[in-house]
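See structure below.
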Amino acid sequence: MLGRQESPERFAALARLHSSEISEGFLTSLGTPLLSKLYRAISRCPQAFIVVASVDGGIVGFLCGSTDTRRVYRHVLSTSWASLLPPLARRLFCWRTVQRCWETLRYPSRSAAPDLPSAEILNFCVTHRLQGGGIGRRLFAAMQSEFERRGICQIRIVTGANQLSAIRFYEKLGAEPVGSLEVHARSESRVFRFAIEKADG
């Protein structure tokens, strides 16, 4: 699990993996320097965690979880705004970027169904060349263990409606579809509820 004592190089590797595998995402459009600083800030938040999969010392997959996304956003903004602003500043001259930043920050207060849990997967990524080899399932299992350790029994999962492989993956694991929403305008996402299984013993 990545923690606050990790080197900047580890978070840079995480950012590069994010950018290469989620190439059309809004966060990717903000650039890898900002992503690196963002993941480092998230790792320092008590309400978040990042589990990683490594091969020969290189990160090949990761899953970022949150027990309360609204509190994660507040923590990141209040503690790391000074480091996040420089790589973001020049992009704020674009109105579309400002709008999508606002939509992202507003997302935790929106709901696709009543009584959705506040805990959720913030991001989940496995390098394309190793997809289908079980890395995603191992990361998901590690996530469940961490959520269980934190006393979380249910989470929500939000993924793009066009991310068919991700949707199939979550459905195979038993995630329950509960609706859809638009995190960003004209971009539909599917929403699932998932029950955290207790570890044996």
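The values are calculated or read from the model by the stated rules, or taken from the named source; none is laboratory data. Every value quoted in this text rests on a predicted model; they were computed, and no experiment measured them. A quick note on method: Cβ atoms are made from the backbone with ideal geometry, for glycine too, and the neighbour counts reach across all protein chains shown. Calculation scope for accessible area: heavy atoms of the full protein, side chains included, ligands and nucleic acids excluded. Shrake-Rupley method; radii C 1.70, N 1.55, O 1.52, S 1.80 Å.
A Förster radius of 25 Å, combined with the Cβ-Cβ distance separating VAL98 from ARG16, puts the computed FRET efficiency at roughly 0.45.
Normalised Debye scattering of the chain at q = 0.14, 0.18 Å⁻¹ gives log10 I(q)/I(0) of -0.83, -1.50, counting only Cα atoms as equal scatterers and leaving out solvent.
3J(HN,Hα) couplings calculated from phi for segment 66-79 with the Karplus curve 6.51 cos²θ - 1.76 cosθ + 1.60 (θ = phi - 60°) are, in sequence order, 9, 7, 7, 5, 4, 5, 4, 4, 4, 5, 4, 5, 6, 9 Hz; Gly and Pro show x. Taking amide H atoms as placed 1.01 Å from N in the peptide plane, the amide H of GLN154 lies under 5 Å from those of ILE196, each 5 or more residues away in sequence or on another chain. The fraction of accessible area contributed by carbon and sulfur in segment 1-83 is 51 percent, rounded to a whole number (1.4 Å probe; ligands and nucleic acids excluded). Annotation: the antiparallel percentage among DSSP beta bridges lying fully within segment 95-201 is about 95. Pairwise Cα distances in segment 13-113 exceed 24 Å in 22 percent of cases.
Rg/Rh for segment 55-162 (Cα atoms only, Rh after Kirkwood) is 1.00.
Computed about the Cα centre, the dipole magnitude for the chain is approximately 540 debye when only Lys and Arg (+1) and Asp and Glu (-1) carry charge, each at its Cβ. Along segment 129-144 the Karplus relation, 6.51 cos²θ - 1.76 cosθ + 1.60 evaluated at θ = phi - 60°, assigns HN-Hα couplings of 5, 10, 5, x, x, x, 5, x, 5, 5, 5, 5, 5, 5, 4, 4 Hz to successive residues, with x for each Gly and Pro. In terms of packing, defined here as the mean over residues of other Cβ atoms within 10 angstrom, the peptides 42-48, 103-109 line up highest first as 42-48, 103-109.
Here the accessible area of segment 136-193 is 45 percent carbon and sulfur, with a 1.4 angstrom probe and all protein chains present. Summarising the strand pairing of the chain, around 95 percent of its internal DSSP beta bridges are antiparallel.
Rounded to whole numbers, the Karplus 3J(HN,Hα) couplings from phi for segment 168-179 are 4, 4, 5, 5, 4, 7, x, 5, 9, x, 10, x Hz, using 6.51 cos²θ - 1.76 cosθ + 1.60 with θ = phi - 60°, and x at Gly and Pro.
Using only Cα coordinates, the Kirkwood hydrodynamic radius of segment 52-108 works out to 13.7 Å.
Given the options PHE11, PHE124, PHE93, which has the most mean-square fluctuation in a GNM of the chain, springs set between C-alpha atoms less than 10 angstrom apart? Largest GNM mean-square fluctuation: PHE93. What segment 73-172 shows is 60 Å² of accessible area per residue, with the surface traced by a 1.4 Å probe over protein heavy atoms. Candidates GLY57, GLY25, THR159 compared by Cα position along the dipole of the chain: farthest toward the positive end lies GLY25, with charges placed on Cβ. Only helices enter this figure: runs of n ≥ 4 DSSP H residues, each worth -39500 (n - 2.57), summed and divided by the residues of the chain, yield -13500 deg cm²/dmol at 222 nm to the nearest 500.
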